[in-house]
Amino acid sequence: MSSALRIAVVPGDGIGVDVTAEAVRALQAVADASGRRLHLQHFEWGADHYLKTGITLPGDALTMLPDNFDAILLGAMGDPRVPDNRHAADILLGLRFRLDLYVNYRPVRLFHEKLCPLKNVTQKDVDFVVFRENTEGLYVMMGGHFKKDTPDEVATEVDLNTRKGVERIIRQAFAHARTHGRTKVVMADKSNVLIHAHELWQRVFKQVAAEHPGIEASHLFADNLALQMVRDPSQFQVVVTSNMFGDILTDLAAALQGGLGMAASGNIHPGRLSLFEPVHGSAPKFAGKNVANPMGAILTAALMLEHLGWAEEARRIEEAVRWAVENDRTTSDIGGPLGTREVGGAIAQRLQA
């Protein structure tokens, strides 16, 4: 555990800039209160930089970042001035794929019953984690068009699944369960129709599960898991699934904890430089208006600290967010009267106290 951390901060686009500023404020407050040191360096990679320079991700970024930083804190990406969002794909997906950040880790935790849209659900009922495979599946952008822009056009998209990729994310889910006292892991797929790719998931899941006899391993088709998540979220502890299904299911899971503004995530390669970003998008129409919920970004910062060994500081940030929710020091999306900066200020003040 280091007394000083080096963090690369990429605020991104839209409300990413607004909420990342509050995440940085929380990081600095908890570090100051703990007597620890943070070295934060900002990189203005995003739509503005791309439109000015034509550069998305600098050519040396993939060597410079691992050599000089312990983690990356990234804001949301996306801007209508770049219609194909090339800059976002190059930066976010480029970092995920080229740094081999194969674990997308999303904790789903309810901080107060009033945030959950389900009836009679308590905080203990919404407390699970999702492990989404992050470098394969339908997101590898393999495929193409035949007879494009004709009545006979054909478009294909390749769902790429390797034994290595499937096995390592499943092993990560079981390792997390073992080290965090979780007793249940469920795998979600569509092996009933994706009979090749997800048959691989079935075989590997059963083989890895057999190595963990103390953990209850089960399977649900992805659509049934979505239904069960709404019907009774308390039945889940650790979920592992593919790239696309993980993307969809974690947005549903975010609704259980108060919406995308409350959702944190990490893009992780254990033992290597990893990237942390809140789940929500860039919402350009709300940028600079002091209305975006910064809690997802602040909780993402806590997730980053936990990953880097600052467990007590991460816990303190989570508790400060919980305090803010309990005392309605929140933005309007979850029923509060405050703006982005005021929420961030309240949490930072709580951390300093």
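One residue alone among V186, V166, V208, V204 is of a type outside the set (S, T, N, Q), out of contact with any Pro (no Cβ under 8 Å at 6 or more places or on another chain), touching a residue at least 24 places away in the same chain (Cβ under 8 Å) and part of a strand (DSSP E or B), and that residue is V186. The number of residues in the range 226-281 being over 13 Å from the mean Cα position of the chain (by Cα) and closer than 23 Å to L99 by Cβ comes to 10. Within the range 228-240, the residues that satisfy the criterion of being among the aliphatic types (A, V, I, L, M) and farther than 16 Å from C116 by Cα are V238, V239, V240. One residue alone among R178, R106 is closer than 25 Å to L299 by Cα, without any contact (Cβ under 8 Å) to a residue 40 or more places away in the chain and not β-branched (V, I, T), and that residue is R178.
Assessment of the range 227-238 against the conditions (within 21 Å of Y139 (Cα to Cα) and either of a type in the set (F, W, Y) or in contact with a Leu (Cβ under 7 Å, 6 or more places away or on another chain) (or both)) yields no matching residue.
Only residues that are of a type in the set (G, A, S) and surrounded by fewer than 18 Cβ atoms within 10 Å (Cβ to Cβ) were counted in the range 123-182, giving 5. Suppose the filter is aliphatic (A, V, I, L, M), over 20 Å from D13 (Cβ atoms) and either surrounded by fewer than 21 Cβ atoms within 10 Å (Cβ to Cβ) or at pLDDT 95 or above (or both); does L260 pass it? So L260 fails the test.
Out of curiosity, is D100 out of contact with any Gly (no Cβ under 7 Å at 6 or more places or on another chain) and at positive phi? Yes; evaluated as a whole, the condition is true for this residue.
Looking at the range 220-247 only, could you name the residues that are assigned to a strand (DSSP E or B) and under 19 Å from A263 (Cα atoms)? Let's see the steps before the verdict.
Of all residues in the range 220-247, those assigned to a strand (DSSP E or B) come to 220-221, 238-241.
V238, V239, V240, T241 - these are the residues of the range 220-247 that are assigned to a strand (DSSP E or B) and under 19 Å from A263 (Cα atoms).
For the range 218-251, filtering for residues that are more than 18 Å from N134 (Cα to Cα) and not basic (K, R) leaves 18. Elements of the type helices (runs of 4 or more DSSP H) sitting completely within the range 44-163 and holding at least 1 residues that are of a type in the set (K, R): these cover 47-53, 94-98. So, R329, is that one free of Cβ contacts under 8 Å to residues at least 60 places away in the same chain, assigned to a loop (DSSP other than H, G, I, E, B) and not hydrophobic (A, V, I, L, M, F, W, C) or not? Taking the combined requirement at face value, the residue satisfies it. In this structure, is L115 crowded, with 20+ Cβ neighbours inside 10 Å and either on the phi > 0 side of the Ramachandran plot or at pLDDT below 95 (or both)? No, not satisfied.
Taking the numbered list (1) touching a Ser or Thr at 6+ places or on another chain (Cβ under 8 Å); (2) among the charged types (D, E, K, R); (3) in the same structural domain as A297 (by TED's automatic domain parsing); (4) under 24 Å from A292 (Cβ atoms) in turn, E44 passes all entries but (1). Among the residues of the range 79-90, just one is surrounded by 19 or more Cβ atoms within 10 Å (Cβ to Cβ) and either farther than 12 Å from T56 by Cα or at pLDDT 95 or above (or both), namely D79.
The values are calculated or read from the model by the stated rules, or taken from the named source; none is laboratory data. Bear in mind the structure is a predicted one, so any value in this text is a computation, not a measurement. Using ideal geometry, Cβ is built from the backbone for each residue, glycine included, and neighbour counts are taken over all protein chains shown.
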